[in-house]
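The values are calculated or read from the model by the stated rules, or taken from the named source; none is laboratory data. None of these values were measured; they are calculated from a predicted model. Here the Cβ positions follow ideal geometry from the backbone for every residue, glycine too, while neighbour counts run over all protein chains shown.
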Amino acid sequence: MSEDTRTLQQFKFIELLLAYEGQITNQQIREKFGISSVQASRILASYREAYPRNTQKQKGQGRGRYVPTARFTPEVTNLSVESYFKSAGTEFDNVLIEDIRQDFTIIPPPIFREIRKAVSTQSAVKILYRSMSHPGGAERIIHPHSFVFAGRRWHVRAFDEKSEEYRDFNLARIWKAESTSSDASPSIDIEWEEKVQLELRPHPLLTPEQVQLIRDELFKGATGRRVTTRRALVRYVLRELEAAEDPETQIPPEYQVYLYRTE
């Protein structure tokens, strides 16, 4: 890890704790990064020098404790509760956290290693792929380039020689995998490379009061919100956000937001 990357990681940690805990201490930095008290003091001093308007000493609480000022503005991180939980880890005082997200993908390590090696070396791999149309499995030669975690499953994005197009393959349905040679030269995955903006709005069948609730809860009071993603991943994003594509058939209460338009 480069020095600049390490410093950025440390500064993000400082800002997240300032925002969501209301203080940052020498001890918290020490425990987070496994460093000495002197090193932690230097990190705090560097942050305060870079952004002097963001912190002030916490009076009456000993040395090495700082709180956000009234003018505190995050400079290196985008604030979110999820980012805070990930950064702080399990070091909480009397705060219970339960994460109900489940990874249902079960894949033997040897198969994953073959897929990963193909991704890393940009080579082909022969797989036996089971699907609803071929539950017993069908042989495919694929050229994988990226992994995707979509809700509760891991997928690999790959060029499929049989269909001659890019597709998503559920890793848990790959029954066998072995490296193979291939003369195929896959073109650029256009749907993967293209970024699109999804504009989400409250479902049109909600009452005015419900619309305002959704706006306040999800859109910071705005009419809607835009989410940027790869075109190839649009259906996964909409499924994760429980956003309706067809508001006439996908209705409340199951769907409270809908895809207003795609740019």
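Scanning the stretch 65-83 for residues that are touching a Lys or Arg at 6+ places or on another chain (Cβ under 9 Å), surrounded by 13 or more Cβ atoms within 10 Å (Cβ to Cβ) and part of a loop (DSSP other than H, G, I, E, B) yields a total of 5. Got at least one residue in the stretch 84-106 being in a loop (DSSP other than H, G, I, E, B) and modelled with pLDDT of 85 or more? Scanning the stretch 84-106, I find no residue that is in a loop (DSSP other than H, G, I, E, B) and modelled with pLDDT of 85 or more, so the answer is no. Look through the stretch 123-157, keep the residues that are loosely packed, with under 14 Cβ neighbours inside 10 Å and charged (D, E, K, R), and return whichever of them is farthest from L241 (Cα to Cα). Here the residue is E139. In the condition set (1) in a helix (DSSP H, G or I); (2) at pLDDT 95 or above; (3) under 20 Å from V125 (Cβ atoms), A172 is compliant with all but (2). Of everything in the stretch 181-236 that is part of a strand (DSSP E or B) and of a type in the set (K, R), the residue that is surrounded by the most Cβ atoms within 10 Å (Cβ to Cβ) is R201.
Can we say I29 is β-branched (V, I, T), crowded, with 16+ Cβ neighbours inside 10 Å and free of Cβ contacts under 8 Å to residues at least 24 places away in the same chain? Let's see the steps before the verdict.
Numbers: β-branched (V, I, T): yes; crowded, with 16+ Cβ neighbours inside 10 Å: yes; free of Cβ contacts under 8 Å to residues at least 24 places away in the same chain: yes.
Spelling it out, I29 is indeed β-branched (V, I, T), crowded, with 16+ Cβ neighbours inside 10 Å and free of Cβ contacts under 8 Å to residues at least 24 places away in the same chain.
Could you grab me the full set of residues in the stretch 130-162 that are part of a strand (DSSP E or B) and over 26 Å from L238 (Cα atoms)? A138, E139, R140, I141, I142, H143, listed by residue number.
For first residues located in the stretch 169-188 and of a type in the set (D, E, K, R), partners that are loosely packed, with under 15 Cβ neighbours inside 10 Å and lie 6+ apart or on another chain with Cβ distances below 8 Å form the pairs R173/S131. Restricted to the stretch 107-122, and to residues that are among the β-branched types (V, I, T) and touching a Leu at 6+ places or on another chain (Cβ under 9 Å), which residue is surrounded by the fewest Cβ atoms within 10 Å (Cβ to Cβ)? Only one residue fits best here, namely I107.
If you go through the stretch 237-263 and keep only what is surrounded by fewer than 18 Cβ atoms within 10 Å (Cβ to Cβ), within 21 Å of A150 (Cα to Cα) and among the β-branched types (V, I, T), you end up with just T262.
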